[in-house]
1. Calculate how steeply helix 197-209 sits against the longest principal axis of the alpha-carbon atoms of the chain, using the helix alpha-carbon long axis, and give the answer as 0 to 90 degrees to the nearest 10.
2. What number does the stretch 9-121 give for Rg over Rh if you use C-alpha atoms and the Kirkwood radius?
3. Sticking to Cα atoms, compute the Rg of the stretch 63-185 to one decimal and its Dmax as the biggest Cα-Cα distance, whole number, in Å.
4. Which residue, chosen from Ala31, Leu290, Thr244, occupies the Cα position most advanced towards the positive end of the dipole of the chain, where the dipole is computed from +1 (Lys, Arg) and -1 (Asp, Glu) charges on Cβ about the Cα centre?
5. Can you work out D for the stretch 119-208 in µm² s⁻¹ from Stokes-Einstein, where Rh is the Kirkwood radius over C-alpha pairs, the temperature is 10 °C and the viscosity is 1.306 mPa s?
6. Relative to the compact-globule scaling 2.2 N^0.38 Å, provide the ratio for the alpha-carbon radius of gyration of the stretch 222-274.
7. Could you order peptides 115-125, 80-90 by the average number of other Cβ atoms within 10 Å of their residues, highest first?
8. Could you tell me how many cubic angstrom of Cα convex hull volume the stretch 151-298 has per residue?
Amino acid sequence: MSGDRVAGLVLVTGGGGQLASYLAQLLPAEATVALPRAQLDVTDAAAVDRAFADHAPAVVINTAAYNHVDMAETEFARAFRVNAAGPLNLARACASADATLVHVSTDYVFGGQSAREPLSEAALPAPVSVYGASKLAGEHLVRGTGVRHLIVRTCGLYGSRGSAVKGGNFVRTMLRLAREGRDLRVVNDQHCTPSFARDVAGGIVDLIQAEAEGTFHVVNDGSCTWFDFAREIFAAAGLEPSLTPVPTSEYPTPARRPPYSVLATDRMVAVRGRPLRNWRDAVRAYLAELGELAGNDA
C-alpha cells in the first residue's frame, strides 16, 4: 500500500500525533502537509480558512482531537469545541473548496447498547461519556454540511508517538509498569479492538485511494478485553509480571467506558479486499518497531 494514487495535496490536522505521523509516512511527501495544533487550531475558523488559502488541499484528514476521556467530564466545553466545532469548521471549508474531509472518530460513540456482537456502521450510537458524545456530535456536524466526507471510527490507538500528555499509550504504560515490578490489575469486562496506528493509517489511505465515502470502521481484526491485551503484550515482550483480571467496578474512573465497542469492519473489507491484520499480530509488529519484541518472533 502506498499513497501514490491520492490525487492532489493532502492536509493532515493534528500533525505530530501518532496517527498523523504514520499518515505522513504513507502519503507522498511532496503532496502532504501535516500541521500540528500550533500551526492550525481547528477550533479557529479564520485559521482554518487561512490554511486552505495557503495550501489548497484536495483532501483534509482530521486527526486533531480532544481525547482526554476522563478530563472531558468536567472540561466538556473544550471537548465539544475541539471534537465538534473543529470538524464543523473543516467541513465548511472543505465544502467551499470542493475538497474531501476525512474525519477520524471513535468506538466511544457506542457503549450504551446491549448488543454483544460486532457493531456495524449502521448501529445506533449510544455514547456513555462526554468524550463519546462530543465525538458523535462532530460526526453529525460533518454529515450535516453535505460535504464530501469519509468518517473513520477506530479504537484504542497505539503507536510510536504515544501521547505525552496522557502519559504514553497502553502498550508503553504496561511495559513500564511491568519493569517497575508493579502488581498489575487490568479490567477484563471491557471488549474492544485496540489498534496499531500504522495499520489504521494504511486503512485510511486505502479508503481515500478508493474514493470511499460515508462511515467506515477501521480497526485491527478480532477483539479482546484490556486484560487480554495486556497479557498478549507481556507474552510478546517476554515479560512475566503479576497480572490480575478485575471488573470495571474495581477500577472506577470519572468517565464510563464502553463495556462493548467491538467494531465490525465488513464495509472496509468490501472496499480494500481484506481486513487489517489481527490485533495480536499488530501488537508484535509494534513491539518490533519499539525494539521490545522477545526473541525473533516478528
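1. 30
2. 1.01
3. Spelled out, the Cα radius of gyration and Dmax of the stretch 63-185 are 16.5, 55 Å.
4. The residue sitting farthest along the positive end of the dipole is Thr244.
5. Value of D from the Cα-based Kirkwood radius: 99 µm²/s.
6. On the way: Rg = 15.5 Å, N = 53, 2.2 N^0.38 = 9.9 Å.
In units of the globular-protein estimate, the stretch 222-274 measures up at 1.56.
7. 80-90, 115-125
8. Cα-based convex hull of the stretch 151-298, divided per residue, equals 120 Å³.
Laboratory data are not the source of any read-out in this text; all were calculated from the coordinates shown. Predicted model only: the values in this text are computed from it and were never measured. No Cβ is skipped: glycine too gets one built from the backbone with ideal geometry, and neighbour counts run over all protein chains shown.
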